[in-house]
Amino acid sequence: MTGQGHRRDSGETLSGEVPPPPRKGPFVLVALVAIGLLTYGGYGQWQRRADAAETQRKVKEFVPKLRTASVERVDRPVELTLPGQTDAFAKAALYARATGYIAERKVDIGTRVKRGDVLLRIAAPDLDQQLAQAEAQVGQMEAQLLQAKAMVDQARANVNLANVTNNRTSTLAVQGWASKQNADNSQATVLSQGATLASAEAGVKVAEANIKAQVATVNRLKALAGFKDVVAPFDGVVTTRSVDVGDLVHADGTGTALLTMDRDDILRVSVNVPQSVAIGVKPGLSATIKVPQMPDHSFTDEVERSSVALLTSSRTLTTQVDVANKEGALRAGLYVYVTLKIPRTEPSVTIPAEALVFNQGGTQVAVARDDGTVQWRTIQIGRDRGTVIELTKGLDGSEQVILSPPIGLRDGQKVERAVPPVEKETPPRQAAAR
């Protein structure tokens, strides 16, 4: 038993066979795979770091080839096109100055008239009667004036008689042939006749004043009677008519005008100039007017006047251009485009619009310096002309700006200016074949 137990302890089986050793193959394989994966992962990470470092080096050392354009310094006048409208050089609304009925109408809308032409005739019987009565009263007052003058002559004769009588009575009273009372009475008569003469002379002056007042009334009525004919105040065209034959009109100047007229041989073209260029707008400035419906025609004239003060609501200067319209090609009330050539107060620089960049630094452009590096500059836009931008600050006109600068372009980065391609001329035969 002791021997058997010993053999069992040494690993022998009951049958006397020795057991096989344990298997180590799977564990070794797993270990090798793990080591391989770790090695591959470490190499991949190293490779990625190497690639990133190489990329950073290439980015840092990369010199992009970019298109550039020269900044242009301009001092020629600013050609500014603004909307405007045409207005008649003169307008008139004609009202009745005589109360009556429209007896005759000689014009209608669109009628061309000359200054002084009769447009309407008003029948005013009441006014005619007032004038006749006033003239009759003038004749009556003239007769009263003659009567007053006759009374003056009579008063003068009485004064002379009273003076002669007073002298005679005074002499007789001194000699004792007449009483003192008679002398006093004759002297009082002289004073009384003198007062009567002064009253008669005042009556003449009153009559003359009444005649002047009545003559003024007659003249006023004659002037009103002259307004029975409504005449054209200037050469022009009738634009509106609101009465017809038989209509009653009143001389109070209220209500609707009988007719309205426009003078259109010269037109006023009104345009509002913005504050940015208003300082350069002065009389004599060249202006070109175009009508959208007349693309093949343009009208050139000069600025005649401006409001001087700007409109506070819009900060614009009201400017007018007088355009000759003898042939009637233009009409009042048209919407037009006015191009003004406004002198610059100081030179400015222009750049292509594609050179602008809007970023956290504001409005900027990238300038290609002579040493081949980039410099970002902040600019201030003065005027946007679409494809071209005028600047008021930031550039002096001697720079080269980069067109469409890439997003990652850094300040101080090296760049290379791209040479624009030269267009080849097409051979004559090929051109003919095309």
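Any read-out appearing in this document is the output of simple, stated calculations on the displayed coordinates, not a laboratory observation. Only a predicted model underlies this, so the values are computations on that prediction, with no experimental measurement involved. In this analysis, Cβ positions are derived from the backbone assuming ideal geometry, glycine residues included, and neighbour counts consider all displayed protein chains.
Longer than 20 Å from Cα to Cα, which of K290/K341; K106/K222; K65/K414 are they? Say none if no pair is.
Beyond 20 Å between Cα atoms: K106/K222.
So for the chain, averaging the separation of alpha carbon pairs under 8 Å that are six or more residues apart and normalising by length, what relative contact order in percent results? Write down the numbers at each step before the final one.
On the way: 716 pairs, mean separation 104.1, N = 434.
Dividing the mean separation by the residue count of the chain yields 24 percent.
For segment 188-207 and segment 229-308, what is the separation of their Cα centres, given in Å?
One Cα centre to the other: 65 Å.
What do you get when you divide the Cα radius of gyration of segment 190-286 by 2.2 N^0.38 Å, with N the number of residues?
Rg over 2.2 N^0.38 Å, computed on Cα atoms: 2.27.
Starting from the exponent 0.38 and prefactor 2.2 Å, build the expected Rg for segment 70-184 from its residue count and divide its actual Cα Rg by it.
2.98
To the nearest 0.05, what FRET efficiency results for A34 and R410 with a Förster distance of 41 Å applied to their C-beta separation? Display every interim value, and only then the final one.
On the way: r = 45 Å, r/R0 = 1.11.
Result of the calculation: an efficiency of 0.35.
Subtracting the Cα-Cα distance from 0.36 nm times the residue separation, let me have the gained length for L403 to A123 in nm, one decimal.
92.8 nm is the gain from fully extending L403 to A123.
By average Cβ neighbour count within 10 Å, what is the ranking of 352-360, 32-40 from highest down?
Order by mean packing, descending: 352-360, 32-40.
What full-extension length gain, to one decimal in nm, is calculated for Y337 and I266 as 0.36 nm per residue of separation minus the Cα-Cα distance?
Contour length minus the Cα-Cα distance gives 23.8 nm.
Convert each backbone phi in segment 276-293 into a coupling constant with the Karplus relation 6.51 cos²θ - 1.76 cosθ + 1.60 (shift: θ = phi - 60°), then list the ³J(HN,Hα) values in order as whole Hz, x for Gly and Pro.
Working through the residues one at a time gives 4, 10, 5, 5, x, 8, 9, x, x, 5, 5, 9, 10, 10, 10, 9, x, 7 Hz.
What do you get when you divide the Cα radius of gyration of segment 125-227 by 2.2 N^0.38 Å, with N the number of residues?
1.77
Expressed as cubic angstrom per residue, what is the convex hull volume of the alpha carbon set of segment 262-342?
Value for segment 262-342: 102 Å³ per residue.
Could you put I109, I351 in order, starting from the residue whose Cβ has the fewest other Cβ atoms within 10 Å?
If I rank by nearby Cβ atoms, fewest first, I get I109, I351.
How large are Rg and Dmax for segment 154-213 when calculated on the C-alpha trace, in angstrom?
Expressed in Å, the Cα Rg and Dmax of segment 154-213 come to 16.0, 56.
Have a look at L161, G408, A257 and report the one farthest towards the positive end of the charge dipole of the chain, computed about the Cα centre with Cβ charges (Lys/Arg +1, Asp/Glu -1).
So the residue furthest toward the plus end is G408.
What is the extension gain from W46 to K114, computed as 0.36 nm multiplied by their sequence separation minus the C-alpha to C-alpha distance, in nm to one decimal?
Values: separation 68, 0.36 × 68 = 24.48 nm, distance 10.08 nm.
Here the segment from W46 to K114 would lengthen by 14.4 nm.
Based on other C-beta atoms within 10 Å, arrange T373, T312 from fewest to most.
Arranged by neighbour count, lowest to highest, T373, T312 become T312, T373.
Calculate, for S298 and L248, the FRET efficiency according to 1/(1 + (r/R0)^6) with r their C-beta to C-beta distance and R0 35 Å; round to the nearest 0.05.
0.10
For a distance above 41 Å, tell me the whole-number percent of Cα pairs in the chain that qualify.
Of the Cα pairs, 66 percent sit more than 41 Å apart.
GNM on the chain, C-alpha springs below 10 Å: top fluctuator among S192, S348, S398?
S192
What is the Cα centroid distance between segment 320-347 and segment 88-131, reported in whole angstrom?
Here the answer is 35 Å between Cα centres.
Just going by the charge dipole of the chain, with Lys and Arg at +1 and Asp and Glu at -1 on Cβ, which of T300, V78, S313 is farthest out on the positive end?
Value: V78.
Sorting T254, T319 on the 10 Å Cβ count, fewest up front, what's the list?
Fewest-to-most Cβ neighbours within 10 Å comes out as T254, T319.
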